[in-house]
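Worksheet for the structure shown next.
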Amino acid sequence: MSVTPRKLTDKEIDEAVIALKNGIVEAFQILYRHYGQSVYRFCLRMIGDKSAAQDALQETFIRVFEHSADLRGKNFAAWTFSIARRVCLNSIRDNKRHDSFDEDSFIAPKENERDIAMQHYIGKALLSLPVQLREALILREYEGYSYQEIADIIGVDISLVKVRVHRARCALRKILAPIACEWYEI
């Protein structure tokens, strides 16, 4: 039986960040347990490969630990996600491996498999988006960050973040439209 760790308060996170900046390893472990899953989900959605996402997660937290003294400001999450973003972009650039979305390969699933199949097609469609649109949409829709937090993570103006999220949503609608038509004809 596994025990789900409780969610940390903002004060506990701030204390752990200060302790990490002072080189306390236990603080790193606390922050890793708190942010690790969401950073992994981000990396997985950005890269699209479980093994590469796990590698990106590890690389992200290695960099967090190595550069913890460089952390300025209070937003540890934004700082960590900006590191994860750079790691993912490097991984994507190094691999240059993008599976194209093939709408012709759609086979109607059984009723109880529909949700899993739709998640699969959405995931493939998400991977077909340009990286700038993909990262903004993932941070907004999957990780729940505000437009301002995304702007801080990505390092762009908030208006550009809003444009990217909007364009990503429009592109996903367009990509998934043929599947949605077939889906509802079943």
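Every number in this text was worked out from the coordinates using simple rules, so none of it is lab data. It should be emphasised that the depicted structure is a prediction, and the values quoted were computed from it without experimental measurement. As a convention, Cβ positions derive from the backbone with ideal geometry for all residues, glycine included, and neighbour counts pool all protein chains shown.
Below is a table of values for the structure above.
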| read-out | value |
| --- | --- |
| Cross-link pairs beyond the 19 Å C-alpha cut-off, checked among 124/174; 50/124; 7/162 | 7/162 |
| R0 of 22 Å, Cβ-Cβ distance residue 69-residue 26: FRET efficiency to nearest 0.05 | 0.85 |
| Whole-Hz couplings from phi, Karplus 6.51/-1.76/1.60, listed for region 132-140; x for Gly and Pro | 5, 6, 4, 5, 5, 5, 4, 5, 7 |
| Taking 164, 169 and counting other C-beta atoms within 10 Å, the order from fewest to most | 169, 164 |
